[in-house]
Each structure stands twice: as C-alpha cells, then as structure tokens.
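The values are calculated or read from the model by the stated rules, or taken from the named source; none is laboratory data. Model, not experiment: these values are computed from the prediction. As a convention, Cβ positions derive from the backbone with ideal geometry for all residues, glycine included, and neighbour counts pool all protein chains shown.
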Amino acid sequence: MKLIMLGPPGVGKGTQAQKMSEKFGTKHISTGDILRNAIENSTELGIMANNYVSKGELVPDALMLDLIEATLFGEDSPSSFILDGFPRTIPQAKALDKLFNKNNTKLNAVLLLDADFDLIAKRLSARRVCKNCQAVYNLLTNPPKVEGKCDKCGGELYQRDDDKLDTIKRRLDVYKTQTEPLIGYYKESGLLKKVDSSGSPEEVFNRILNILGG
Ligand code: AMP
C-alpha cells in the first residue's frame, strides 16, 4: 500500500499514519520528523533546513526532492509506505509522480484530512511530542497517562517550537497558499479520498479503514 496523507498541520496526519504503521507495518515517512532529526543532529540537511522550519516556512523543493527520492527509492526502499507531510507544493507532487513513473510504481490513494482552522490552532498548541520516540500526544484529545511522559517509552514530552501561536498562524497561511492546491491536483487524478477528521483518533482511524477497505 502506498498512501499520501494530505491536510493542514495539526489535523492528525501523523497520529493516523502512526496507527496505520502499527496495524499494517506500513512505513510511516514524516518529512517533518526527518528534518527535525537532521536539525537536532546538525547534519548538512539539518543546517540548511533549520532556518525555514523554525519560521514555519517550507524548505525549498530541490532539497525535499533529494530527500524523498533517497527515502523512497534509495537503499532499504520500503514496499509499503504512508507519506505524512510530503508533497506540500504542486512542483513536489509533479516530481513525485515522475519518481513513481521512473520506478514503475503507483500510489493507491491520497487521504485528505480536513478540519476547521480555529480547531486546528487549538489542537496544535496542545500538541506534545516524545523527545525519544516521536510519539504524538494532545493535551486535549489524547493526553499521556502521566503528565510530561511518553506512554510508550517513558521519554520526555516537549512542545515543538513551531507549535507556538505565531508560527502556527504562519504555517496555516503557508498551507492555504502552497499546499491546498494539491487537493484539486489529486482530485483530478481520481486518487483523493476525503476523511472526516472530527472525533477521537480511533473514530478517524475507523473511517480510514472503511475507506481503504471499501
Ligand atoms: P510537519 O511536521 O509536517 O508539520 O513539518 C514541519 C516543518 O518541516 C514544516 O513547517 C516545513 O518547514 C518543513 N517541511 C516538512 N515537510 C516539508 C515539505 N514536504 N516541503 C517543505 N518543507 C517541509
């Protein structure tokens, strides 16, 4: 299965991709996680990306395309994956199509998770991430059992710098102008499937399973 998760930041793409990966062993590829990791380890990519990520801006397409080609079709190329956070621009989507053609492979579906921007801003400012295993929590909808600690590995939870209010606003603007046009792009190719993202993570996950099964 080869899937893309599309939708604004904070809508729950990462949480759902994580659930898919736990249930089916599908590889969860989050370009945001890869970049944060690179930044934390001060790799060449991390140093180039840091300035964009910290401001809520998009990292240039050329850098992202090299990264995605290496991740999807380099060594250890996964047979089944779910892309979370890529593509984010029309040029990225077109380049991804070319990569799929070149490698004789096809996408199964693009899942669009949508929600109201006010709700998203609230959700994003309540998001916490495990420093150790990157598991995602939400103080409103999916809190950890022990405050500040990851249920899975006991790691420390933190708030991403770009989940603070000013940067959230910038990220939502960037989504509207640069990423939302992908909805039309994938609608045209017949791959787009809308998922109602209201309710608990389990309810949303069940809707996804129905869509993929049906
Ligand atoms: P995310 O965790 O998906 O919200 O991504 C966090 C940040 O990483 C974004 O605000 C961008 O700065 C950067 N980023 C992640 N994926 C991409 C992408 N496909 N294209 C450009 N920048 C990206």
Selection from the stretch 103-125 of residues that are farther than 22 Å from Ile208 by Cβ and at pLDDT 95 or above: none
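For the structure I just gave you, tell me whether Gly12 is closer than 27 Å to Asp161 by Cα and either at pLDDT 95 or above or hydrophobic (A, V, I, L, M, F, W, C) (or both). Spell out the reasoning first.
Values: closer than 27 Å to Asp161 by Cα: yes; either at pLDDT 95 or above or hydrophobic (A, V, I, L, M, F, W, C) (or both): no.
So Gly12 fails the test.
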I need the full set of residues from the stretch 33-54 which are surrounded by 15 or more Cβ atoms within 10 Å (Cβ to Cβ) and touching a residue at least 12 places away in the same chain (Cβ under 8 Å), in order please. Asp33, Ile34, Leu35, Arg36, Ile39, Leu45, Met48, Ala49, Val53
Go through (1) over 17 Å from the mean Cα position of the chain (by Cα); (2) near the ligand (Cβ under 8 Å from one of its atoms) for Asn41 and report which single condition fails. (2)
Among the numbered criteria (1) away from the ligand (no atom under 13 Å from the Cβ); (2) in contact with a helix residue (DSSP H, G or I) (Cβ under 7 Å, 6 or more places away or on another chain); (3) not hydroxyl-bearing (Ser, Thr, Tyr), which one does Lys149 miss? (2)
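Can you spot a residue in the stretch 75-82 that is farther than 18 Å from Thr179 by Cα, more than 14 Å from the ligand (Cβ to nearest atom) and touching a Lys or Arg at 6+ places or on another chain (Cβ under 6 Å)?
Start the filter on the stretch 75-82 by keeping residues that are farther than 18 Å from Thr179 by Cα, which leaves 75-81.
Going one step further and asking which of them are more than 14 Å from the ligand (Cβ to nearest atom), we end up with 75-81.
Subsequent filtering for residues that are touching a Lys or Arg at 6+ places or on another chain (Cβ under 6 Å) retains 78, 81.
Checked the stretch 75-82: at least one residue is farther than 18 Å from Thr179 by Cα, more than 14 Å from the ligand (Cβ to nearest atom) and touching a Lys or Arg at 6+ places or on another chain (Cβ under 6 Å).
Residues checked against (1) at positive phi; (2) within 13 Å of the ligand (Cβ to nearest atom):
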position	(1), (2)
Ala62	no, yes
Leu67	no, yes
Phe73	no, no
Ala95	no, yes
Lys106	no, no
Leu113	no, yes
Ala126	no, no
Gln134	yes, yes
Single match in Asp61, Asp66 (criterion: acidic (Asp, Glu) and within 23 Å of Ile168 (Cα to Cα)): Asp61
